[in-house]
Amino acid sequence: MLPKLEGYAAARLGSLDAAALATVAGELATLEQTVLGRADLRAVLTDTSIANASRGLIVNDLLNGKVHEVTLQVAVYAAGNAPAQDVPHALAELAFAARELMQMGTFPLAGLGLMASRQRVAGYADAMLDDVDAQNFDEIEDELFRWARTIEGNLDLRRLLLDRDADVESRLGTVQALLGDKVDAVTLALARFVIRGGRARDVVGTLDYLVDYVAKARDWRVARVHTARPLDEQSRADLVASLSSLTGKNVELQIADSPELLGGVLVEIGDLRLDATTRARLGALRDAVSPGHLYESSLNRID
């Protein structure tokens, strides 16, 4: 299974009680058979010209309101993160993992290389951070950083947590005892999964990786909006809905009045910049009618 999907599924499926897990396992099995039996659906999900986020939206539109919330979440995540040609296989692997968890009572995590293990932890983090308000990301980031420095600065603790031959439950118990109710519940869950889903010798490295990952995740949750005129409530709601569909995340707005833009809005979220301002359009028009462009246009004109 794709490492990020494995981590995400471990968080989502692992949170279910027996009855809910049975429901989700059955729905994922049905989804697997539907994709296998529908060539048109399979063609859409494996179309490499469709962006990952758009494939996730297709699955969301197909399943929303018809299946358990966790079935929807893991299926959308699989469609949005797996390479296009691997989406049907990823859905099949989810169905298998749910059945195995239902039968064995544990979510098996295979040994992975360093970067793949970090990706698995990142997938788990995606699930845990989905329902966290953006304002709490800074606290989680800071707690993870301080926990990494604590391990780094305590030789006995480092020896225990980085010992790949030590019992996993013992290592998890140490994390629980030291962090317990001293940190945010999401921080604790992430710190524990670093032990269970990461590499033993890379505990500090994985924690530092998570610190950066949480910071980047926050950038995709907060949209900085510059607007020439104040936005009414409906415009704000429409913008939030559009950005949430684009990113697959719950988006919060930080709005700044910028009358120098003349009209429209400028949105910055993550590494994406959407410029729909009057000033930008005037700039493009100015470039188009500059003397060089006009001369080139006249040469290329067909009378």
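The values are calculated or read from the model by the stated rules, or taken from the named source; none is laboratory data. Because the structure is a prediction, the values reported are computed rather than measured. Cβ placement follows ideal geometry from the backbone for every residue including glycine, while neighbour counts extend to all protein chains displayed.
Structure data summary
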{"quantity": "Qualifying position, being out of contact with any Gly (no Cβ under 8 Å at 6 or more places or on another chain), among the polar types (S, T, N, Q), part of a helix (DSSP H, G or I) and under 29 Å from G198 (Cα atoms), among Q33, Q73", "calculated": "Q73"}
{"quantity": "Pair list, Cβ under 6 Å, 6 or more apart: the range 99-121 residue in contact (Cβ under 8 Å) with a residue 40 or more places away in the chain, other residue part of a helix (DSSP H, G or I) and among the charged types (D, E, K, R)", "calculated": "L114/D202; Q119/K4; R120/E6"}
{"quantity": "Considering residues of the range 44-64 that are among the aliphatic types (A, V, I, L, M) and farther than 20 Å from E93 by Cβ only, the residue surrounded by the most Cβ atoms within 10 Å (Cβ to Cβ)", "calculated": "L57"}
{"quantity": "Among the candidates I50, I58, residue that is closer than 24 Å to L272 by Cα, part of a loop (DSSP other than H, G, I, E, B) and not polar (S, T, N, Q)", "calculated": "I50"}
{"quantity": "Near pairs, Cβ below 9 angstrom, 6+ apart or cross-chain, from the range 141-170 (in the same structural domain as V183 (by TED's automatic domain parsing) and farther than 20 Å from L210 by Cα) to any residue that is of a type in the set (S, T, N, Q) and part of a helix (DSSP H, G or I)", "calculated": "L160/S170; L160/T174"}
{"quantity": "Candidate set: the range 174-210, residues that are more than 26 Å from Q135 (Cβ to Cβ) and among the β-branched types (V, I, T); chosen: the one surrounded by the fewest Cβ atoms within 10 Å (Cβ to Cβ)", "calculated": "T174"}
{"quantity": "Lone unmet requirement of (1) modelled with pLDDT under 95; (2) over 20 Å from A125 (Cβ atoms); (3) in a helix (DSSP H, G or I) for G80", "calculated": "(2)"}
{"quantity": "Selection status of Q103, part of a helix (DSSP H, G or I) and more than 21 Å from D126 (Cβ to Cβ)", "calculated": "yes"}
{"quantity": "Tally of residues being modelled with pLDDT of 90 or more and more than 29 Å from A18 (Cα to Cα) across the range 119-156", "calculated": "18"}
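Conditions (1) at pLDDT below 80; (2) under 28 Å from D126 (Cβ atoms); (3) among the β-branched types (V, I, T), marked per residue:
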position: V183; (1), (2), (3): no, yes, yes
position: L188; (1), (2), (3): no, yes, no
position: R192; (1), (2), (3): no, yes, no
position: I195; (1), (2), (3): no, yes, yes
position: V211; (1), (2), (3): no, yes, yes
position: A217; (1), (2), (3): no, yes, no
position: V222; (1), (2), (3): yes, yes, yes
position: T227; (1), (2), (3): no, no, yes
position: Q254; (1), (2), (3): yes, yes, no
